[in-house]
1. Using the alpha-carbon centroid of each, what span in Å lies between the stretch 216-284 and the stretch 291-363?
2. Using +1 at the C-beta of Lys and Arg and -1 at the C-beta of Asp and Glu, which of Phe324, Phe356, Leu308 has the Cα lying farthest in the positive direction of the dipole of the stretch 305-393?
3. Indicate the gyration tensor shape class of the stretch 112-159 (rounded, prolate or oblate), computed on the Cα atoms with a ≥ b ≥ c the square roots of the eigenvalues: a/c under 1.5 is rounded; otherwise a/b larger than b/c is prolate and the rest oblate.
4. Please tell me the relative contact order of the stretch 36-179 in percent, rounded to the nearest whole number, where contacts are Cα pairs under 8 Å and at least six residues apart.
5. Only Lys, Arg, Asp and Glu count, each charged at its Cβ (+1, +1, -1, -1), so figure out the dipole size of the stretch 1-86 about its Cα centre, rounded to 20 debye.
6. Defining a contact as two alpha carbons under 8 Å apart and six or more residues distant in sequence, what relative contact order in percent does the chain show?
7. So how far apart, in nm, are the two label points at Leu401 and Thr521 if each is 7 Å from Cα heading toward Cβ?
8. Please compute the length gained on full extension between Thr128 and Ser325, using 0.36 nm multiplied by the number of residues separating them and subtracting their Cα-Cα distance.
Amino acid sequence: MYDLVLKNGRIYDGSGMPSFNGDVGVAGGEIVEIGRITGSANKTLNLDGLALAPGFIDPHTHLDAQLFWDPLGTSSCFHGVTSVVVGNCGLSLAPAKPEDREAVIKSFVRVEAISRRVLEEGIQWKWTSTKEYLDALGTRLGINVAALVGHIAVRHYVMGEEAVEREATPEEIEQMRRLVRQGMEAGAVGFSTNQNPRHMREDKKPVASRLASQEELGALLDVLGEMNAGVVQLSGGGADARGRISYAADLARRTGRPVLWQSISHSWSRPNFWQEMLINTERVFKEEGLPIYAMTQAKPFENRYTLLDAQCFDEFPTWRAAMFSPVPARREMFADPEVRKKLRQEAIEDQSPSTFPRRWDVIFIDKVKLPKNKSLERRTVQDVAESQGKDGLDVFLDLALEEDLETRFVHITTQGDPKAVCEILKHPSVIVGQSDAGAHMGYDARFGYCTAFLGRWVRDYGIMKLEEAVSKLTFRVASLFGLGDRGLVRPGFAADLAIFDPATINTLEPEYVQDLPGNETRMIQRATGVYHTVVNGEVVIENGAATGAYPGRVLRPRRWKD
Ligand SMILES: [Zn+2]
């Protein structure tokens with residue numbers, strides 16, 4: 001007698017082997033049989049040829065807190081995600097003594113843009129150690145969770161508020177090493193740190209991990225090396241992306257552990273830089289066999305703005321001065337031909353790397369205010385400039401001025417060039433993810449990194465076979481994080497499954513819902529073409545709707561104890 005039988009699926013088993021038609025039988029939370037199943041079952045789902053794959057494993061989330069009030073991890077579960085990794089970017093909710101909680105919240109609020117009220121109302125702190133945190137998390141889960149130990153929490157635990165003021169003493173480093181070891185022994189899948197120069201706390205102080213010396217970071221990571229366990233996750237580090245590869249390689253060389261760094265992505269201001277990054281990553285692999293992997297995202301990052309609220313020009317001094325001036329003075333500046341010269345020089349002519357694209361052919365007029373300008377919508381600034389015989393900057397500013405600065409523009413800051421994105425996603429050393437699920441819920445949602453990958457890139461652009469794509473989202477992530485019984489459809493493996501239609505799977509535009517603690521609003525993201533999500537043998541999403549089952553658990557890698 002099976003608990004669950006999934007009949008007539010097209011099985012993509014996660015190995016990359018060719019898919020085949022068959023049934024999958026589940027008992028006791030495990031896959032027990034694959035092929036043609038005739039025995040009876042408590043529950044049978046006829047898949048009618050839909051794809052059946054191992055559940056997707058999201059390697060980069062910030063659901064550390066959300067899972068307490070939302071054990072299903074919405075919206076990840078709507079995309080076929082059955083396991084998530086928390087504790088990324090140096091941020092974890094443990095270890096933390098009662099007096100450290102405020103420091104941890106301050107870091108989460110700013111770096112991940114999760115509102116203070118949500119965290120204060122949503123977290124019932126019942127833990128000090130990583131073990132206690134994992135036990136608390138495990139009491140009610142819809143999906144599975146694997147956790148990294150975060151450097152920021154570890155530092156505050158030992159140094160209190162001095163963690164954001166100074167380097168650690170050798171004694172303090174020794175205490176931190178003990179906490180990392182305790183966390184790993186409790187079942188953490190690795191250690192995360194954050195050297196990103198933009199990552200500050202709510203009170204503008206750098207997050208604690210940024211004050212760590214290389215000696216400290218090395219000593220903490222040595223714990224993973226000594227235990228021969230766990231993944232190192234990096235946010236920032238090295239002077240720029242080029243430096244980050246050697247930074248990651250140094251840490252992999254020192255510890256012998258896999259290092260996951262972020263990220264390789266396309267940006268318009270350095271349109272070929274991603275290629276150099278891929279080549280360098282590959283070289284480290286080939287020449288030294290060091291397991292370093294780059295994260296990338298499947299969803300282009302869009303920036304929508306008007307000249308009333310834009311932040312994308314803040315990196316340029318004259319633009320910044322204009323944007324921080326009162327609106328009447330700002331209008332005067334934008335109208336002044338002499339100022340325009342400077343604006344053009346800073347944003348367009350200057351060739352130094354920037355987040356702003358520095359070209360008008362990728363900046364779109366998204367929404368106009370005046371009916372007479374309606375025909376300009378969805379055209380690029382470049383296109384309009386050519387048809388009017390004008391310069392791009394003049395078109396951009398004249399239009400905005402004519403509409404009281406209310407014209408909305410949109411451009412893609414990262415992953416804007418599909419050709420580049422295809423090459424990045426295909427690369428074997430690149431991990432698809434960076435969903436940041438649970439973070440910056442007020443202005444962006446990327447839960448659907450996997451449905452975007454399978455829909456837009458694998459189906460529409462045809463960058464790789466679906467078999468290989470499924471493997472990239474499942475088996476390879478499980479392998480990287482040492483999750484021994486996940487990521488394959490194989491007897492004896494946990495029955496974590498995603499059932500979807502390859503012809504329609506895709507991610508949908510984010511939408512707002514008001515369901516956070518404190519009645520706050522967040523963005524969620526739904527998918528098309530994802531039918532059922534099965535976690536540890538229980539259906540948690542059936543035909544797109546939650547069933548009320550909570551079969552998730554904390555995933556603790558099995559380790560050899562000598
Ligand atoms: Zn992150």
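1. The stretch 216-284 and the stretch 291-363 have Cα centres separated by 29 Å.
2. Leu308
3. oblate
4. Computed value for the stretch 36-179: 28 percent relative contact order.
5. The dipole magnitude comes to about 280 debye.
6. Values: 1308 pairs, mean separation 119.6, N = 562.
Relative contact order of the chain: 21 percent.
7. Going from the Leu401 label point to the Thr521 one covers 3.3 nm.
8. Details: separation 197, 0.36 × 197 = 70.92 nm, distance 4.69 nm.
So the extension gain works out to 66.2 nm.
Every read-out reported here was derived from the displayed coordinates using simple, explicitly stated rules and does not represent laboratory data. Just so it is clear, the model here is predicted, and its values are computed rather than measured. Glycine gets a Cβ as well: all are built from the backbone with ideal geometry, and neighbour counts include every protein chain shown.
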